[in-house]
Structures are given as C-alpha cells and as structure tokens.
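S.K.: The structure under discussion is supplied below as structure tokens; questions concerning it will follow.
The values are calculated or read from the model by the stated rules, or taken from the named source; none is laboratory data. All values derive from a computational prediction rather than experimental measurement. No Cβ is skipped: glycine too gets one built from the backbone with ideal geometry, and neighbour counts run over all protein chains shown. For accessibility, only protein heavy atoms count, side chains too; no ligands or nucleic acids. Shrake-Rupley method; radii C 1.70, N 1.55, O 1.52, S 1.80 Å.
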Amino acid sequence: MVGAGFQASLCRGGEVDSWLKLIEQANGELDPERLPSRETREQETLDAMREAEAFFQRVTDEANYQAWMRFLRFDPLRSAIEEEQSIAKRGNAAVELYQRLSGPEEGLELSRLIALRESLDRYIAALRYGDPKRGLALVGRQLSTLQGILTNETDTAIALSDLSGEQVAQIESVVESLADANQADTLVRSIVRRYSSPNLRAFVDGNVIANAVARPVNNPEAVNDCLLGTRVIGNARVVGQVTSQLLPSDGNVRLLVRLDGQFSTTTRGYNGPVTLDTSGIGQVYAARQLVVTEKGIIAGEPIATASLSTNIHRINHPLKLVRKIASKKAAEMKPQAEALSRQKLQSRVLEGFRKQTDENVNRSFPDLDAKMAPWLGRLDLPVPIRHLSSTSDEVHVQVTMQRPLGLSAGNAGPSLSSVRTATSSGTYPGGYTAAIQVHESILNNTVMQLLAGETFTPKKLRELTSSFGLQKDNDESTDDEAQDFEVDFSSFRPVYFEARDQTFRIGLRGDRFAQGGNELDRRLEVSALYRPAITEDNRMILIRDEEIDLQFPGGRRLTLSQTAIKANIEEGFDKLFPDTLLHRPWTIPADAKMPALAGRSADVIGIDARDGWLTIVVR
C-alpha cells in the first residue's frame, strides 16, 4: 500500500510537470495568426442578429415579433458596431445582449437564439484577443498565472490534490481564456481531460429496493380442471413472498425478482359414479430478471418450477368392490396425474408471474432529456452525462455537469465505507437509505454564468438559498435596514462552496454593495463556515461558526464611509446565512410511485466534507 501511494504521488507530480512543459512550449509557440479575427466575428454576430430577427418576422405575428424585439434590444450592439465605437462599448453591449439570451424565459431555447448566443461568445473573445499585440500579451499573462498556481515558492510542481477550490477555479478561467484566444490547444485539452470525472453521485441502498419490491403473496383460486378423464373441482392457494435481489451491472440496474411460495389444494375428483377426495401440497418458485434503464424497464424471460405431492383421502361409491377397483386404478395413475398437475401448476405460476411483472415493465418513465432540453437551452447549461449501475448492495448514479471548457471533478468521491455517520465509523449496506455526493465544481458548471454580473437583493438571495434547501426555520421578510441592500455578483465564482477537512464553506462574491443612500463600489467576499455535528437523537447537522467572514480583496484600506457601511454588510449577511443546515427531515412525496416509501421521511445521519466533496447520508 505504501508503494502504491508513492507511485500515485509520482504520477500526479509527473502530470503537473507535463503541464509545466506544455506551458513553456506554448509560450514559445504563441501565434498571432491563430488569434480570433475581430472583423470576421463581428460580421458573424451581425448576421446572427439579422437571422434571428428574420426568423421571428417569419414565424410569428406582428405583435409577438415586436415583443421579442423589445426584449432582445439588438440596437445598442448594432449601433456600437456600425459606428465603430470603442472596444469597451462594443464589449459591454455584447455582454449585455449575451446575458439577455440566458434566462428562464420561454423561447430562449430556440435554435436561432442559441446560435446568436454562441456567435456573441465568440465575438466577445475576439474583442478581447483580436488585437495581436494586446492579445498575445494577455495570453502570456494567463500562462504565467497558470504556472504560478502549479508551482510552489521554489518553482517545484505541486500535487493536484493540494490545489484549493479557488485555485482550480482560477485554472478553469485560464483554460477558457486560452481557448478563447485559440492558443495552447494541447495544454487546454490535457487539463480539461484530467478534470472530467463525475461531479454528482447518488447511492440507494439495496435494502430500499428490496423493501420497495417485497410483498406477501396469498392467492386463492378455484380449481375446475380435467385430469386423465377425471373432472377435478375444488380450491387451491399459493402463500409466499415476492423478493428481489440487486445484481452487478454497468450502464443499467439489474434486478432479480422472485416468488417463493407454498402451494396447497383441496379437491374432489369426478369420474363417472366415483368421486375422490384429495389434497396436495408443494413448493413453487418463479424468477425474472428486470433491467432498469433511464428509458424504462426491460424484462427477461421468466422461469418457474413447481413440486407437488398429493394424497387421496377418500373414494366415494356405495359398492365396496367399486371403491377397491377405483383405489387400485387411482394408485396406478397417481404418478402420471401428479406429473400432469405439476406441469399445469408450473405453467399457471409462470404465466401469473409474467403478468404481474409485466405490469411494472409497462410503467412509463418520464423522458428526462425531453424535459430538460428546453431549460438547458434557455439557461445555457451543459447536458448532464449520466451513468447508471448496480452492485449486489446498491444502486449507483453518476452525473457529470461540465461546460465545454469547464473543469469537473478531478477525483472520485470518498467511498461510503469511509463516511462516518452519527452511530458508525462508516456507511455500510443496510445502515442507510440513500446518499448523495456533490463536488465543488458543480456550481462553476451550472449557476455561475447565470449569476455573474446579476444584482441580487436579500429576497432574491433567500429564494436562491431556498432552492438548495438552505432556508432558515423562521425565514420572514422584514423591513429592517439591515435587510434593505443589494449586491452585484462578481463574474468569477459569484457563488461557491468548498468542502475541505470536514468543514463546509458557502460564500459569494460581489463587485458592489448598496444600502439606502450608501454605496460600496469595490469587491467584497463574504462566506460562512459550517462544521458537522451530532445531535442527541443521533442525527447529523451542519452548524455555522458564529462569525461570518467578510473580506475586501485588493489590499486597499476602507475609507471612513466604507467602514461605516461594513457593519451593516455583516449584519445583513449574518441574517442571510442560516445557523444550521441539513437539520430538517427529508420527506418523500405522498404520491411517489413506490408505495413502500411514499410519505416517509428520512433523517440526515452522516455528513462528510473533504477533497472538494460534500457527502450527505440519510436514513
């Protein structure tokens, strides 16, 4: 184990060393011919605006066309381009239009608007890097920044595991800038490929699946059959249990559903003037594999077996001789009759089990891609890459949310067996219901672009935190002065969380803070630190450190007026961050399609924060 860890460390160091060599190589191969052409991208943007305008003119009525034109407001950017205004003015107009094209409004998923958004993205990059002298100087500074992140004070390569969430986000920013400038392709591909692991993982304990499927069986039925010329009438019953077992599978969930039961029957056979009173007992077994995918359930061919033993209790006829002859004949035919009865029993069990399991197979699953596609298009979010699997102990779902040049997780989440719960040193099969692991990179790849540059008030911030389940117990809107403020989110990591060394930090960055008539027009960063704690009733919660952390990056001292505002900023954000997180039970909707789980609640029993991953375990 020591040798393996040493080799892994060497591998990680070698990886950073290769990036440092690629940085040196890129510095020597900066090519002004590869910088994006400002004129070309400008014309592409003008064409994309014209095509979008013509599209609405063609497919909608005049009133709707005018409504879209008022919403999109092409004129500021078009005028800035046609009048050859400054790069800054053209850039501001392009960014403002780009931001209008990303939002929840229905219609922003239309292909013409997505094409315009992509053109604007390329145009903004061309404005930044289109001038050869300035563009290559910017690229050089980006490469120097990246080199500084990847080396320590002695210019030695650091291990990737030592990078903070802040540093990884800075690397992501550099990668996007290099790609915008069309430089250092090999370096960009190598870094993105290294940070492409799933950043969202979910587990469901196998016992949850088993309990959801399990049900008792008590099926009585009337018997009316003909067996070797004898009419058999009576009653039969199967008593048993339907159970399930997860099977190892990659790319789907494989489940073996089976029926184990006891069969009993009481019948009377009619053959001419003779009747026979009989009973029978036996064992029945049926099984079927089900393969669960995102699209639905695929059922394999069921199998069934049956055993049967019968007893003749009485032969009814007035004449003793007839009864004797009938008894002898029944004894001779009993093996054949039992074999036929067993075959028929097996067929009935097989078809009955097939019918019951078919009811689940025919259940339709919602088309996740169809439901998500419009929202992903409107909000400019990446399509989540999902992977489903199962072991004999759990169902496992992995999701990768990664923008084309975004950085996802660089490492897998911790194994559940290493995640401590309130009552155990680890999370083991049978000891939990479900677990979810979220990586720090999920925010950078989703909400970051939506929030960058936006102005938020406490009300909008509470709505945002509530969407993540972070609202306070007594969350009431007040008119207090401390609640009356607004903050402009920064473009870099406007909202973030960090999960390191068993602490969980939530933070946000702003470029401007305003309250009443006072305004603080400088960068600020505010965050709250939470630590896992065990309650008296064996739950786990996150408890906030008493003081929030308010910083003003940049090194400049605050003026007297800015210092006066600082206390109000601290008070406002102190009310924003809850004192505790994850303290409420998680309730499953009453209309959930699993009756065994519908309406039940689960408590958080495990919280783990390390290496960029937040793990939450519920039971």
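So that you can scan it fast, the table gives a plain yes or no per residue for (1) under 30 Å from G229 (Cα atoms); (2) buried (at least 18 other Cβ atoms within 10 Å of the Cβ); (3) of a type outside the set (A, V, I, L, M, F, W, C):
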{"position": "S327", "(1), (2), (3)": "yes, no, yes"}
{"position": "A330", "(1), (2), (3)": "yes, yes, no"}
{"position": "Q336", "(1), (2), (3)": "yes, no, yes"}
{"position": "V349", "(1), (2), (3)": "yes, yes, no"}
{"position": "T357", "(1), (2), (3)": "no, yes, yes"}
{"position": "V361", "(1), (2), (3)": "no, no, no"}
{"position": "M372", "(1), (2), (3)": "no, no, no"}
{"position": "R386", "(1), (2), (3)": "no, no, yes"}
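S.K.: Still on this structure, please answer the following. Pairs under 9 Å by beta carbon, first residue farther than 16 Å from R505 by Cβ in segment 528-547, partner charged (D, E, K, R) and not in a strand (DSSP E or B), six or more apart or different chains?
M.R.: Matching pairs, first to second residue: D537/D603; N538/D603; R539/D603; M540/R420; M540/D603.
S.K.: Consider segment 56-81. How many of its residues are open to solvent by less than 50 Å² (accessible area, probe 1.4 Å), over 14 Å from L101 (Cβ atoms) and not small (G, A, S)?
M.R.: Pass one, segment 56-81, residues open to solvent by less than 50 Å² (accessible area, probe 1.4 Å): 56, 60, 65, 67-69, 72, 74, 77-81.
With the extra rule that they be over 14 Å from L101 (Cβ atoms), the set shrinks to 60, 65, 67, 78-81.
Narrowing further to those that are not small (G, A, S): 60, 65, 78, 81.
Selection size over segment 56-81: 4.
S.K.: Residues that are touching a Pro at 6+ places or on another chain (Cβ under 8 Å), surrounded by fewer than 18 Cβ atoms within 10 Å (Cβ to Cβ) and without any contact (Cβ under 8 Å) to a residue 60 or more places away in the chain: does segment 226-236 have at least one?
M.R.: Filtering segment 226-236 for residues touching a Pro at 6+ places or on another chain (Cβ under 8 Å) gives 235-236.
This time we only want the ones that are surrounded by fewer than 18 Cβ atoms within 10 Å (Cβ to Cβ), so: 235.
Okay, now just the ones that are also without any contact (Cβ under 8 Å) to a residue 60 or more places away in the chain, so 235.
Yes.
S.K.: So, one more: Of a type outside the set (F, W, Y), buried (at least 18 other Cβ atoms within 10 Å of the Cβ) and at pLDDT below 95: is that true of V223 in this structure? Step through it out loud before you land on a result.
M.R.: On the way: of a type outside the set (F, W, Y): yes; buried (at least 18 other Cβ atoms within 10 Å of the Cβ): no; at pLDDT below 95: yes.
No, not satisfied.
S.K.: Here are the criteria: (1) within 28 Å of Q241 (Cβ to Cβ); (2) touching an Asp or Glu at 6+ places or on another chain (Cβ under 7 Å); (3) at pLDDT below 90. Tell me which single one S389 does not satisfy.
M.R.: So the condition that S389 fails would be (3).
S.K.: Need the failing condition index for K593 against (1) of a type outside the set (G, A, S); (2) at pLDDT below 95; (3) open to solvent by 10 Å² or more (accessible area, probe 1.4 Å); (4) outside any loop (DSSP other than H, G, I, E, B), just the number.
M.R.: K593 satisfies every listed condition except (4).
S.K.: Can you tell me which of P553, P578 is under 32 Å from the mean Cα position of the chain (by Cα) and closer than 25 Å to A499 by Cα?
M.R.: On the way: P553 fails: under 32 Å from the mean Cα position of the chain (by Cα).
Unique residue meeting the criteria: P578.
S.K.: If you check E51, E44, which single one turns out to be among the charged types (D, E, K, R), closer than 25 Å to L178 by Cβ, at pLDDT 95 or above and open to solvent by 50 Å² or more (accessible area, probe 1.4 Å)? Talk me through it step by step, then tell me what you get.
M.R.: Numbers: E51 fails: closer than 25 Å to L178 by Cβ.
Going through E51, E44 in turn, the sole match is E44.
S.K.: So, in segment 561-590, of the ones that are modelled with pLDDT of 90 or more and not aliphatic (A, V, I, L, M), which residue ends up most open to solvent (accessible area, probe 1.4 Å)?
M.R.: In this case the residue turns out to be D579.
S.K.: Output the residues belonging to segment 89-148 that are of a type in the set (S, T, Y) and touching a Leu at 6+ places or on another chain (Cβ under 7 Å). Lay out the reasoning, then the answer.
M.R.: So in segment 89-148, the residues of a type in the set (S, T, Y) come out as 98, 102, 111, 119, 123, 129, 144-145.
Y98, S102, Y129, listed by residue number.
S.K.: Of all residues being open to solvent by 40 Å² or more (accessible area, probe 1.4 Å) and of a type in the set (A, V, I, L, M) in segment 93-114, which is farthest from R41 (Cα to Cα)? Just the residue, please.
M.R.: L110
S.K.: Of the residues that sit in segment 257-296 and are open to solvent by 20 Å² or more (accessible area, probe 1.4 Å) and among the charged types (D, E, K, R), which one is farthest from L228 (Cα to Cα)?
M.R.: E294
S.K.: Those residues that are assigned to a strand (DSSP E or B), under 30 Å from D393 (Cβ atoms) and of a type in the set (S, T, N, Q), I need them from segment 245-280; list them, please.
M.R.: Initially, segment 245-280 is screened for residues assigned to a strand (DSSP E or B), giving 245-247, 249-250, 253-271, 274-280.
From what's left, under 30 Å from D393 (Cβ atoms): 245-247, 249-250, 253-262.
Selection gives Q245, S249, Q262.
S.K.: Can you name the condition, by its number, that R90 falls short on among (1) charged (D, E, K, R); (2) within 29 Å of L30 (Cα to Cα); (3) in contact with a Phe, Trp or Tyr (Cβ under 9 Å, 6 or more places away or on another chain); (4) surrounded by fewer than 20 Cβ atoms within 10 Å (Cβ to Cβ)?
M.R.: Condition not satisfied by R90: (4).
S.K.: Follow-up question, since we're still on this one. Of (1) assigned to a strand (DSSP E or B); (2) farther than 18 Å from Q343 by Cα, K295 satisfies all except one. Which?
M.R.: Just one mismatch for K295, condition (1).
S.K.: Just give me the residues in segment 134-169 being under 19 Å from I23 (Cα atoms), in contact (Cβ under 8 Å) with a residue 40 or more places away in the chain and in a helix (DSSP H, G or I), in sequence order.
M.R.: Hits for segment 134-169 are G135, L136, L138, V139, G140, L143, L146, Q147, L150, L160, V168, A169.
S.K.: Out of the strands (runs of 3 or more DSSP E) lying entirely within segment 483-549, which hold 2 or more residues that are open to solvent by less than 30 Å² (accessible area, probe 1.4 Å) and at pLDDT below 95?
M.R.: By residue number, 486-489, 495-500, 503-515, 524-534.
S.K.: Hey, another quick one. Please name all residue pairs, on different chains or six or more residues apart, with Cβ atoms under 6 Å, provided the first residue is in segment 358-380 and is acidic (D, E) and the second residue is open to solvent by less than 60 Å² (accessible area, probe 1.4 Å).
M.R.: D380/S102
S.K.: Examine segment 208-217 for a residue that is in a strand (DSSP E or B), buried (at least 19 other Cβ atoms within 10 Å of the Cβ) and not charged (D, E, K, R), and state whether such a residue exists. Even if it seems obvious, please write down each step before you answer.
M.R.: Within segment 208-217, the first condition is being in a strand (DSSP E or B), and the residues that meet it are 215-217.
Filter once more, keeping what is buried (at least 19 other Cβ atoms within 10 Å of the Cβ): none.
There is no residue in segment 208-217 that is in a strand (DSSP E or B), buried (at least 19 other Cβ atoms within 10 Å of the Cβ) and not charged (D, E, K, R).
S.K.: Within the group R141, R117, R122, which residue is within 35 Å of the chain's Cα centre (by Cα) and open to solvent by 30 Å² or more (accessible area, probe 1.4 Å)?
M.R.: The match here is R122.
S.K.: Moving to a separate point now. Of the conditions (1) open to solvent by 70 Å² or more (accessible area, probe 1.4 Å); (2) within 35 Å of the chain's Cα centre (by Cα), E84 clears all except one; give me its number.
M.R.: (2)
S.K.: For segment 393-415, name all the residues that are open to solvent by less than 70 Å² (accessible area, probe 1.4 Å), out of contact with any helix residue (DSSP H, G or I) (no Cβ under 7 Å at 6 or more places or on another chain) and in contact (Cβ under 8 Å) with a residue 40 or more places away in the chain.
M.R.: Answer for segment 393-415, where residues must be open to solvent by less than 70 Å² (accessible area, probe 1.4 Å), out of contact with any helix residue (DSSP H, G or I) (no Cβ under 7 Å at 6 or more places or on another chain) and in contact (Cβ under 8 Å) with a residue 40 or more places away in the chain: H396, V397, Q398, V399, T400, Q402, R403, N411, G413, P414.
S.K.: If I filter segment 423-439 down to residues being open to solvent by 20 Å² or more (accessible area, probe 1.4 Å) and not in a strand (DSSP E or B), which single residue comes out as nearest to V604 (Cα to Cα)?
M.R.: T433
S.K.: Another question, then. Between residues in segment 303-319 that are part of a strand (DSSP E or B) and residues that are open to solvent by 70 Å² or more (accessible area, probe 1.4 Å) and hydrophobic (A, V, I, L, M, F, W, C), which pairs lie under 8 Å by C-beta distance while being six or more apart or on different chains?
M.R.: Listed pairs, sorted by first residue: L308/I281; S309/I281.
S.K.: Within the set of pairs 6 or more residues apart or between chains, which connect a residue that is in contact (Cβ under 8 Å) with a residue 40 or more places away in the chain and under 16 Å from A181 (Cβ atoms) inside segment 17-36 to a residue that is among the basic types (K, R) and open to solvent by 80 Å² or more (accessible area, probe 1.4 Å) with Cβ atoms less than 8 Å apart?
M.R.: P36/R122
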